[in-house]
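Enquirer: Here you go, one structure.
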Amino acid sequence: MSELHTIHYPNESREYREARNRLLEAEIELRRQTERVAEMRRELPIGGKLKEDYIFEELKDGKSVKAHFSELFEPGKDTLVLYSFMFHPEDENPCPMCSAMLDALNGQVRHLEQRINLAVVAKAPIEKLRRWTDKRGWNRLHLLSSYHTTYNHDYHGEDEGGDQLPNLNVYQKRADGIYHTYSTEALFAPTDPGQDARHIDPIWPLWNVLDLTPEGRGTNWYPKHEYNIKPVMIELG
């Protein structure tokens, strides 16, 4: 097998380099496939027109105010990415998996909002959502409560029994209205043995980092709200 570059690392074996080159070819093909899928996504025909101009609740200056769906689009930005956060109105705490993903997304908001509108919607009442937001330190995410709406049900962030689902939807504002353009539908498709849906993985650094390690993401570990981390004592000389 011919080498694709001339980079080598200290003390690496021939066996390692040959295996790494085979992996590199697979990574290049994965990159190409990722771009092909992204191109197909961009070329999707426009989806259905927004069912209704939902009225959410949000917090501004510490007060709960109404926010129409149509008001989530800032001037000059016609795309909205809206993540359905699993937080049932009767639950004390939300989904730890969603929370872990949003921990990371909170830090990316100021970059993403240079190009698009981004918001997170949960079925929990706004006050419960506020308490959790303060606890997590989410200071950039645009959080909305859909407590008094059917949005979660209509756009599959909730099943027929009322259980919350971690779905992500994309919308585009056009001259004649707002249209649905994409949903992470792998959530609803069959999965291979040992795999979760992985539909949110493209925006979730956690799993992408673990996939680079010898241990991988594993099959029985999932994020938690809190961890029992023992402090490391450093002796100063």
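Each reported figure results from applying straightforward, stated rules to the coordinates on display, with no laboratory input. Since we're looking at a predicted model, the values are computed, not measured. Using ideal geometry, Cβ is built from the backbone for each residue, glycine included, and neighbour counts are taken over all protein chains shown.
Enquirer: Treating the angle as unsigned and between 0 and 90°, give the value, to the nearest 10°, between the Cα long axis of helix 14-42 and the longest Cα principal axis of the chain.
Expert: 20 degrees
Enquirer: Calculate, in nm to one decimal, what Arg110 and Val37 gain on full extension: separation in residues at 0.36 nm each, minus their alpha carbon distance.
Expert: 23.7 nm
Enquirer: Tell me the label-point distance for the pair Lys224, Arg174, using the 7 Å Cα-to-Cβ offset, in nm and rounded to one decimal.
Expert: Going by the 7 Å Cα→Cβ label model, 4.9 nm.
Enquirer: Summing +1 for each Lys or Arg and -1 for each Asp or Glu, what net charge is found among the other residues whose Cβ lies under 12 Å from the Cβ of Trp138?
Expert: Neighbour charge sum, excluding Trp138 itself: +3.
Enquirer: If you keep only loop residues by DSSP, which GluC sites (Glu not before Pro) in region 92-138 have at most 11 other Cβ atoms within 10 Å of their Cβ? Can you show the working numbers first?
Expert: On the way: sites: Glu92, Glu113, Glu127; in loops: Glu92, Glu113.
Those that pass, being in a loop and sparsely packed, are Glu92.
Enquirer: A further question follows. Any chance you could check the Cα centroid distance between region 186-211 and region 61-132 for me, in angstrom?
Expert: 21 Å
Enquirer: Further question: Given springs between every Cα pair under 10 Å in a Gaussian network model of the chain, which of Thr219, Thr133, Thr149 has the largest fluctuation?
Expert: Most flexible of the set in this elastic network: Thr219.
Enquirer: What full-extension length gain, to one decimal in nm, is calculated for Lys51 and Glu12 as 0.36 nm per residue of separation minus the Cα-Cα distance?
Expert: Taking 0.36 nm per residue and subtracting the Cα distance, the gain is 8.2 nm.
Enquirer: Something else about it: Please give me, ordered by residue number, the GluC sites (Glu not before Pro) of region 150-200 that lie in loop per DSSP and have at most 15 other Cβ atoms within 10 Å.
Expert: Passing sites in region 150-200 are Glu160.
Enquirer: May I pose another question? Are there trypsin sites (Lys or Arg not before Pro) in region 1-76 that DSSP puts in a loop and that have at most 16 other Cβ atoms within 10 Å, and which ones?
Expert: The qualifying sites are Lys51.
Enquirer: Please give the calculated 222 nm ellipticity per residue for the chain, where each DSSP H segment of at least 4 residues contributes -39500 (n - 2.57) and the sum is spread over every residue; nearest 500 deg cm²/dmol? Intermediate results must be reported in sequence, preceding the final value.
Expert: Details: 5 runs with 67 residues, N = 237.
Dividing the helical sum by the residues of the chain leaves -9000 deg cm²/dmol.
Enquirer: Here is a follow-up. Name the shape class, rounded, prolate or oblate, that the alpha-carbon gyration tensor gives for region 55-186, where a ≥ b ≥ c are the square roots of its eigenvalues, rounded holds for a/c under 1.5, and otherwise prolate holds if a/b is larger than b/c and oblate otherwise.
Expert: rounded
Enquirer: With each pseudo-label sitting 7 Å past Cα toward Cβ, what's the Lys60-Asn21 distance in nm, one decimal?
Expert: Placing both labels 7 Å along Cα→Cβ, they lie 6.1 nm apart.
Enquirer: Here's another thing I want to ask about it. Comparing Ala189, Ala175, Ala124, which has the greatest mean-square fluctuation in the GNM of the chain with Cα pairs linked when under 10 Å apart?
Expert: Of the options given, Ala175 has the highest mean-square fluctuation.
Enquirer: Please identify, among Asp134, Asp192, Asp159, the residue showing maximal mean-square fluctuation in a Gaussian network model of the chain using a 10 angstrom Cα cutoff.
Expert: Asp192
Enquirer: Could you give the size of the charge dipole of the chain about its Cα centre, using +1 on the Cβ of each K and R and -1 on the Cβ of each D and E, expressed in debye and rounded to the nearest 20?
Expert: Rounded to the nearest 20 debye, it is 600 debye.
Enquirer: Further, regarding this structure: Taking mean projected area of the Cα convex hull in nm² as the quantity of interest, determine which of (1) 19.7; (2) 14.8; (3) 11.6 was computed from the displayed structure.
Expert: Step by step, mean projected area of the Cα convex hull in nm² for this structure corresponds to label (1).
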